[in-house]
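Chemist: Quick one: the structure is below, and I'll ask about it shortly.
Just so it is clear, none of the values below were taken in a lab; they were calculated from the coordinates. The shown structure was predicted, so the numbers you read here are calculated from the model rather than taken from an experiment. All Cβ positions, glycine included, derive from the backbone under ideal geometry; neighbour counts span all protein chains shown.
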Amino acid sequence: MNMENYHQHVTILGWIHIAFGILFTLCGAGILLFFAGIGAASGEPEAMAVLSVIGAVSSAFLLLVGIPGLLAGYGLLQRKGWGRILAIVISVLDLFNFPVGTLVGGYGLWVLTAEPSTAYFGSAPLTA
């Protein structure tokens, strides 16, 4: 794989991580609004409190999952070594998210552990 080709793969992977990070963040906000809205519509104070907590916890989890993807995508697009390492960790975790995450995780590992990564990111290659 030549350097220009490698640059395209890293750019694609960076935007994939950003897109998934945005998707998780928006889903988190939507879940929070959905559960809080159902609680408010019920008119019951207990239901409102319980559903708001469920929405807040679910939203916090999705933010916790989405923000590292946003950071990894940004790091990849800026050719930062830390972005590469973070994206590798996220790619390994993505492997367990069948079927789309498995494809993204495999693609990420293929791109980020390839030979040109040393020259592209200016760090030591990762070998198995």
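Chemist: Using a Gaussian network model of the chain with C-alpha springs under 10 Å, which one of 114, 41, 87 is most mobile by mean-square fluctuation?
Modeler: Maximum among the listed residues: 41.
Chemist: For the residue pair residue 53 and residue 115, what label-to-label distance in nm results when each label sits 7 Å from Cα along the Cα-to-beta-carbon direction?
Modeler: With each label point 7 Å from Cα toward Cβ, the separation is 5.8 nm.
Chemist: How large is the Kirkwood hydrodynamic radius of the range 38-128, in angstrom, based on all distinct alpha carbon pairs?
Modeler: On the way: mean 1/r = 0.0656 Å⁻¹.
By the Kirkwood definition, the hydrodynamic radius is 15.3 Å.
Chemist: Next question, about the same structure. Ranked from highest to lowest mean number of other Cβ atoms within 10 Å per residue, what is the order of the peptides 20-30, 1-11?
Modeler: Working: 20-30: 17.0, 1-11: 13.3.
Packing order, densest peptide first, comes out as 20-30, 1-11.
Chemist: Still on this structure, I have one more. Relative contact order for the chain: what percent, with Cα pairs under 8 Å and sequence separation of 6 or more?
Modeler: Numbers: 160 pairs, mean separation 34.2, N = 128.
With pairs under 8 Å counted, the relative contact order is 27 percent.
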